[in-house]
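Worksheet: the structure to be examined is printed underneath.
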């Protein structure tokens, strides 16, 4: 059964992003195995790194003349990425910087190299990312936090809607 049938474009994009995140493993060339998605209570997260996905903004271009035959939307997603150091005694503050850089590399690879997002959604999708904020996380009880803004540009022919 196709999970994308009868879903809005936002639901399809979010599901495609989650499916893509589930392929983020060391075996697939990433720095980490990203096994945990969309659990807001970090106490319930069993493995790190972890990522929560939120829709921050949507802009529809239905009023534009060039979109008479197409539906087009640009959506801004906020990825809140978390990682934890394992041991305060042996892991220095540089470890948290290493974790940040490794998470950034993984998100860049996901959003920049992943051509499957459009295929998963079923239509053209362009993805770009920018890095907004870093958290410290130099404590085993406080996860390191990285916020990434991801923009998707979605286009669908009107006769397909």
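The length gained by stretching the chain between residue 47 and residue 101 to full extension, at 0.36 nm per residue less their Cα-Cα distance, is 17.6 nm. Modelled label positions at residue 94 and residue 8, each set 7 Å beyond Cα in the direction of Cβ, lie 4.8 nm from each other. Using r as the Cβ-Cβ distance of residue 149 and residue 33, and R0 as 25 Å, what FRET efficiency do you calculate, to the nearest 0.05? In this case the efficiency is close to 0.55. Using a simple spin-label model with pseudo-atoms 7 Å out from Cα toward Cβ, residue 142 and residue 59 lie 3.5 nm apart.
Every number in this text was worked out from the coordinates using simple rules, so none of it is lab data. Computed from a predicted structure; not experimentally measured. Because the Cβ atoms are built from the backbone with ideal geometry, glycine has one as well, and the counts that use them run over all protein chains shown.
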